[in-house]
Amino acid sequence: MSMNFSEFKKLLGADPWNRDPETLRARNSAPEFEAVAVDAEAFEEKLQAALNVQPPSGLLNDIKGITQQPAQSRNWMPLALAASVLIAIGAVGMAWKQSNQWDSVEEYLADHYSHDGPGLVARATDTVDEQLVIQIMASLDASMGQQLAGNLKFIKFCPTPEGRGAHMVVSTDQGPMTIIFMPKTQVTDGTVITFDQMQALMVSLEHGSAAIIGTQTQTIESLEAVLRESIKTGLVGA
Amino acid sequence: MTNDTERTRRFNELAEAYSTDLYRYAMWICSNDALAKDLVQETFLRAWRALDSLKDVGAAKSWLITILRREYARTFERKVPKFTDVDKVVIVEDDELEPDERTERVLLRQGIMKLEPKYRDPLLLQVVFGHSCSEISEQLGISKSAVMTQLFRAREKLKTQIQKDGVTGNVHELF
């Protein structure tokens, strides 16, 4: 039995590019069927164009950078850890080295945080795997003490003005705060900047620096001492 | 070629093949560009960790979509993301569009953002990923006839939205 007009419209409404023999037969059976099919295809092209969102530049490179992180299924042994440190240090300044697209650290922090900071804070509720923290920090020629690591809810590599760094979310009694660790970037210690209802405190470390970012109602300075005690830099004198 | 090199090569192929479509999908389900980027990165991070469990390369697309949907569900349970103004998102535009066509596209985007997830999800899987109705059925765990009904209704709602807002001139509020 051939398809009636109503069935044909519903079918194309669900599957506009349907090319089943029965559908094609129905399409060719009468001008009104053909007209509906042409309209459906035209709408589909508009829909396709409307959904065509362009990914942010650098997304693919960021994703490929994931391969420098450990695979959870693997049994990481101390020797493997040491090897990965050497590999990762070698990789710094290569894959992750970006052209310096910010005029200042302040501009970088505002730009970087506004890009994905709020989203990461929203998602950061799980405890971070200790091995992952060790791996990431080691590859940045640093380590993190338990006082800070034990309260981490998120950590990942991120771009900084001078190569790769780490983006972290820390649970505090005032709510989540963000730390951006910039192992190669120098800052003026104690500088506070504000942007988009957020504030950032810059902390100079033995090598590189970090920024503590929180809302303007949080006392971000309360995390400074813990940060200074916990993050040790320049472990292999790179 | 070492196992690690081979593993990295497989992963990079997946990233090159699917990262753009996954970002588009993420963008339209969460309406937040920063969260979309994050969701895609998290999806690939999880995929990297679990890559050895992917035995069938042909199943990679559905596998990645499943990871992303789970991650989004977890995110959404915690906090409703702040919606992005769609005009702030970089869109691949055709400069030769007539003003009416541009208006219609804006209305269409607004309509997509307003669609209920039960209509939007199958539509995105079909248009962004090119899934068949059977594949959508499998991905979403609902019957094929339900998928077809939702796809039909999704398109009807979008067409109605365009006609309604186009006629009443609501498009001006969108710019």
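Take the conditions (1) out of contact with any His (no Cβ under 9 Å at 6 or more places or on another chain); (2) modelled with pLDDT of 85 or more; A:Gln135 misses just one of them, which is (2).
Among the residues of segment A:16-72, those that are aliphatic (A, V, I, L, M), touching a Leu at 6+ places or on another chain (Cβ under 7 Å) and more than 30 Å from B:Gln41 (Cβ to Cβ) comprise A:Val36, A:Ala37, A:Ala40. Among the residues of segment A:74-87, are any in contact with an Asp or Glu (Cβ under 6 Å, 6 or more places away or on another chain), modelled with pLDDT under 80, in the same structural domain as A:His167 (by TED's automatic domain parsing) and not small (Gly, Ala, Ser)? Checked against the condition, which is being in contact with an Asp or Glu (Cβ under 6 Å, 6 or more places away or on another chain), modelled with pLDDT under 80, in the same structural domain as A:His167 (by TED's automatic domain parsing) and not small (Gly, Ala, Ser), segment A:74-87 yields no hits at all. Determine, yes or no, whether B:Asp94 is assigned to a loop (DSSP other than H, G, I, E, B), more than 22 Å from A:Phe154 (Cα to Cα) and either more than 7 Å from chain A (Cβ to nearest Cβ) or at pLDDT below 90 (or both). Yes: the conditions hold for B:Asp94. Filtered by the rule that a residue be away from chain A (no Cβ under 13 Å) and among the hydrophobic types (A, V, I, L, M, F, W, C), segment B:35-66 gives B:Val57, B:Ala59, B:Ala60, B:Trp63, B:Ile65. Among the candidates A:Ala122, A:Ala142, A:Ala211, A:Ala138, the residue that is surrounded by fewer than 21 Cβ atoms within 10 Å (Cβ to Cβ), assigned by TED's automatic domain parsing to the domain that holds A:Leu109 and within 25 Å of B:Glu42 (Cα to Cα) is uniquely A:Ala138. Picking from residues in segment B:17-27 that are surrounded by fewer than 24 Cβ atoms within 10 Å (Cβ to Cβ) and either more than 7 Å from chain A (Cβ to nearest Cβ) or under 23 Å from B:Gln110 (Cβ atoms) (or both), the one that is farthest from the chain's Cα centre (by Cα) is B:Ala17. The residue that is nearest to A:Gln48 (Cα to Cα), among those in segment B:128-142 that are at the interface with another protein chain (Cβ under 10 Å from one of its Cβ atoms) and small (Gly, Ala, Ser), is B:Gly130. Please work out if B:Thr75 is touching a residue at least 40 places away in the same chain (Cβ under 8 Å) and surrounded by 17 or more Cβ atoms within 10 Å (Cβ to Cβ). It is true that B:Thr75 is touching a residue at least 40 places away in the same chain (Cβ under 8 Å) and surrounded by 17 or more Cβ atoms within 10 Å (Cβ to Cβ).
If you go through segment A:18-46 and keep only what is within 14 Å of another protein chain (Cβ to nearest Cβ), assigned to a loop (DSSP other than H, G, I, E, B) and loosely packed, with under 12 Cβ neighbours inside 10 Å, you end up with A:Arg19, A:Asp20. Residues in segment A:110-132 that are touching a residue at least 60 places away in the same chain (Cβ under 8 Å) and more than 9 Å from chain B (Cβ to nearest Cβ): A:Ala110, A:His112, A:Tyr113, A:Gln131, A:Leu132.
The values are calculated or read from the model by the stated rules, or taken from the named source; none is laboratory data. Because the structure is a prediction, the values reported are computed rather than measured. For neighbour counting, all protein chains shown are included, and Cβ atoms are generated from backbone atoms with ideal geometry for every residue, glycine included.
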